Amino acid sequence: MKRYFIRVPILIFFILLFSCVTTNSLIRNHFRSLEESDDVTVVLLGSSLFGRKWTTDKGLSYGGFLKSHLEDILKSQISIINSSVPYDTFNSTRLRLQEDILSYRPDIVFLILGVIDSSRPGLTKETYRQQVNEFLNILQKHKVFVVVMTSFGSRDLLSGFGSGAERLGEFNEIIQREAGLHRYPFIDVGEYMERLRTNNNKKFRSMFSNEYQLNENGQKFVLEFILKRIKKAVKNSG
């Protein structure tokens with residue numbers, strides 16, 4: 001995340017910069033390769049964002065909300081599979097990768113994990129980096145296209161291990177770094193929500209139904225941001 005760049009070594013800085021520069025082209029190339037396909041399978045991973053049902057005023061669930069927008073982007077039939085489990089971590093999700101992700105042979109995976117990892121006092125940053133690296137290595141080996149996203153803070157940003165916001169920022173840096181190393185597109189949801197928390201904390205808190213889970217307004221707020229980034233990347237010709 002931007003406020004931590006000053007502490008990032010030069011090599012890592014360029015890795016982060018590379019991941020930002022290439023995100024649009026990676027999304028654009030892959031999504032265009034799927035245009036007008038008979039069926040596109042999308043798997044959702046992320047307890048913070050996808051772990052609760054909601055319905056829009058048009059009667060759509062968040063899965064239906066994503067489906068309708070992705071179908072509009074790709075001009076294809078979309079199948080949405082939600083493989084999220086509440087309070088998931090990278091390590092717990094890795095244990096069911098075959099059953100809940102790889103078995104579906106997904107064309108796209110939306111991945112947003114890390115907030116629960118960052119709240120675990122016994123988990124070091126190095127161990128976390130190894131877990132993220134191993135997780136992405138498996139997906140890369142199976143040629144799974146992943147849109148990697150950073151996690152956003154809990155409603156109250158409380159942690160028993162130093163500053164919850166700072167620790168989450170450090171863990172998000174690791175995710176961004178690993179996404180760049182694995183050549184996966186990266187969307188900084190964490191920074192987007194952090195700006196909201198800083199500029200309008202009341203609105204930020206109103207997005208949650210409990211400490212970690214977003215309510216309907218919060219999920220729609222984040223999903224609209226993600227879809228906006230994807231639409232911009234796909235439509236961008238340069």
Worksheet item: Tally time: how many residues in segment 102-132 are closer than 30 Å to LEU74 by Cα and more than 15 Å from the chain's Cα centre (by Cα)?
Response: 6
Worksheet item: How many residues, within segment 71-99, are under 18 Å from the mean Cα position of the chain (by Cα), in contact (Cβ under 8 Å) with a residue 40 or more places away in the chain and under 14 Å from VAL42 (Cα atoms)?
Response: 3
Practice prompt. Of the numbered conditions (1) out of contact with any strand residue (DSSP E or B) (no Cβ under 9 Å at 6 or more places or on another chain); (2) open to solvent by less than 30 Å² (accessible area, probe 1.4 Å); (3) more than 27 Å from LEU70 (Cα to Cα), SER154 fails exactly one; give the number of that condition.
Written response: (1)
Worksheet entry | Selected residue (only one of SER92, SER84 is assigned to a loop (DSSP other than H, G, I, E, B) and open to solvent by less than 60 Å² (accessible area, probe 1.4 Å)) | SER84
Worksheet entry | Counted residues, segment 213-238 - those being under 21 Å from GLY169 (Cα atoms) and not in a helix (DSSP H, G or I) | 2
Practice prompt. Would you tally the residues in segment 187-207 being aliphatic (A, V, I, L, M), in a helix (DSSP H, G or I), without any contact (Cβ under 8 Å) to a residue 60 or more places away in the chain and within 21 Å of PRO86 (Cβ to Cβ)?
Written response: 1
Worksheet item: Of all residues in segment 146-173, which are more than 13 Å from ILE112 (Cα to Cα) and either modelled with pLDDT of 90 or more or of a type in the set (Phe, Trp, Tyr) (or both)?
Response: PHE161, GLU170, GLU173
Worksheet, complete the sentence: Of the conditions (1) open to solvent by 30 Å² or more (accessible area, probe 1.4 Å); (2) outside any loop (DSSP other than H, G, I, E, B); (3) aromatic (Phe, Trp, Tyr); (4) farther than 29 Å from VAL40 by Cβ, the single one that PHE171 does not satisfy is (1)
Discussion item. Here is a check on your reading of the model: is ARG155 among the basic types (Lys, Arg) and in contact with a Lys or Arg (Cβ under 6 Å, 6 or more places away or on another chain)?
Written reply: yes
Item to complete: Kindly list the number of the only condition in (1) open to solvent by 50 Å² or more (accessible area, probe 1.4 Å); (2) farther than 23 Å from ARG183 by Cα; (3) polar (S, T, N, Q); (4) touching a residue at least 12 places away in the same chain (Cβ under 8 Å) that fails for GLN140.
Response: (2)
Practice prompt. Just give me the residues in segment 220-229 being more than 27 Å from ARG120 (Cβ to Cβ), out of contact with any helix residue (DSSP H, G or I) (no Cβ under 6 Å at 6 or more places or on another chain) and surrounded by 16 or more Cβ atoms within 10 Å (Cβ to Cβ), in sequence order.
Written response: LYS220, ARG229
Discussion item. Among the numbered criteria (1) at pLDDT below 95; (2) part of a helix (DSSP H, G or I), which one does ASN210 miss?
Written reply: (2)
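Here's the yes/no breakdown for (1) open to solvent by less than 70 Å² (accessible area, probe 1.4 Å); (2) farther than 19 Å from ALA179 by Cβ:
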residue: GLU194; (1), (2): yes, no
residue: ASN200; (1), (2): yes, yes
residue: LYS203; (1), (2): no, yes
residue: LEU214; (1), (2): yes, yes
residue: GLY218; (1), (2): yes, yes
Worksheet, complete the sentence: When segment 175-186 is checked residue by residue, the ones that are crowded, with 23+ Cβ neighbours inside 10 Å and of a type in the set (A, V, I, L, M) are ILE175, ALA179
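The values are calculated or read from the model by the stated rules, or taken from the named source; none is laboratory data. Just so it is clear, the structure is predicted and the values come from calculations on it, not from any experiment. Note that we place each Cβ from the backbone using ideal geometry, even for glycine, and neighbour counts take in every protein chain shown. The accessibility values were calculated without ligands, DNA or RNA, using every heavy atom of the protein model including side chains. Shrake-Rupley method; radii C 1.70, N 1.55, O 1.52, S 1.80 Å.
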